[in-house]
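The values are calculated or read from the model by the stated rules, or taken from the named source; none is laboratory data. A quick note: this is a predicted structure, and the numbers were derived from the prediction, not measured. In this analysis, Cβ positions are derived from the backbone assuming ideal geometry, glycine residues included, and neighbour counts consider all displayed protein chains.
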Amino acid sequence: MNGRGHGFGPQDQLPVEEVEHRIQRVREDVTAAPSQWLPGYLSGMLTASAPPGMVEQTLTLMSDICPQANLTMLRAMANADLRGEVRNFLRAAGQPRGA
């Protein structure tokens, strides 16, 4: 793991140990029953004021994940240097660089 984060410079990169820790946590989560870990991810995805129907739909969609495919995607993202892609996305979205 290269520890590359989504920032714009070396100071924004996560330490390799942190990347590995996060991958291990997700690996443990996605191989457990969805009811054990899905609710804990919602606070990072939805606001507290999200409509109950949206919360239920999100939980339903997330419960259908394929653990192996999710881990493959996670490893690819952990090893990718996405800094240029983030810049392109922010530019296309009209956000100032470094936002």
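A few remarks follow.
- All helices (runs of 4 or more DSSP H) inside the chain with 3 or more residues being surrounded by fewer than 13 Cβ atoms within 10 Å (Cβ to Cβ), at pLDDT below 85 and over 13 Å from the mean Cα position of the chain (by Cα): 83-92
- Restricting the first member to region 50-62 and to residues that are among the hydroxyl-bearing types (Ser, Thr, Tyr), and the second to residues that are outside any helix (DSSP H, G or I), the beta-carbon pairs closer than 9 Å and six or more apart or on different chains are Thr58/Met45; Thr58/Leu46; Thr58/Ala50.
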